[in-house]
Amino acid sequence: MQLPSSLLENAVNAFAGLPGIGKKTALRLVLHLLKQEEGQVRQFSETLAKMRSDIKFCSRCHNLSDHDLCAICENKLRNQRLVCVVESIKDVIAIENTQQFSGLYHVLGGVISPLDGVGPDSLTIDSLINRVEQEDVEELVFALNPNIQGDTTIFYIQKKLRHLPCKITTISRGVAFGGELEYADEMTLGRSMMNRLPVENYVK
């Protein structure tokens, strides 16, 4: 793609580096910004820079937060003894959109995948086990993507928690095996959350 300005080209390349954004879409976005007032564009860039520099990870559940604890963990109306274990922050957002879960979350930051070089030490599993031990968690709900890596992660954590009297469940198979929570419709995901199953009936 031949562009008349190196500054324009650099901006297009920056946008094209985002997932799902091709060069043509990036060019449309950059040209749109060029039509805006300079102050609007400056505010846009400053908002992104502030988000990147100031955003935090919740010290309790590892969700994104503006403060040390996220808004979900700080909400005393939520069930503090019910914890949903998810792979990523995107999964927290997906489940929250169903409005079918009133407990807390724990973001693992991935799943165990030896072929990708991701082992238990790369995830927040130790932090999760400490939470279950210290916070008197009654039920741990696994809402991991239904695939081999997700099942392996559930099995590993279940073994780590065998010495604790915590009920361990998983979302039902309303989400197809091999699918991803992020792309499940809200009704299917909501029903899977409501009809959760004991892990021993799910992971062998």
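One table, with the values for the structure above:
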item: Some residue of segment 55-73 being acidic (Asp, Glu), more than 17 Å from the chain's Cα centre (by Cα), over 30 Å from Cys166 (Cβ atoms) and not assigned by TED's automatic domain parsing to the domain that holds Phe155; result: no
item: Segment 36-52: number of residues that are within 19 Å of Asp66 (Cβ to Cβ), of a type outside the set (A, V, I, L, M, F, W, C) and exposed (fewer than 11 other Cβ atoms within 10 Å of the Cβ); result: 4
item: Residues within segment 5-43 that are at pLDDT below 95 and of a type in the set (Phe, Trp, Tyr), tallied; result: 0
item: Some residue of segment 20-32 being at positive phi and part of a loop (DSSP other than H, G, I, E, B); result: yes
item: Verdict on Pro120 being over 25 Å from Pro165 (Cα atoms) and either among the polar types (S, T, N, Q) or within 20 Å of the chain's Cα centre (by Cα) (or both); result: no
item: Identity of the residue in segment 80-103, among the polar types (S, T, N, Q) and surrounded by 14 or more Cβ atoms within 10 Å (Cβ to Cβ), that ends up nearest to the chain's Cα centre (by Cα); result: Ser88
item: Every residue from segment 85-110 that is part of a helix (DSSP H, G or I) and in contact with a Phe, Trp or Tyr (Cβ under 8 Å, 6 or more places away or on another chain); result: Val92, Ile95
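The values are calculated or read from the model by the stated rules, or taken from the named source; none is laboratory data. Since the model is a prediction, treat every value here as computed from it, not as a measurement. Reconstructed Cβ throughout: ideal geometry from the backbone, glycine too, with neighbour counts over all protein chains shown.
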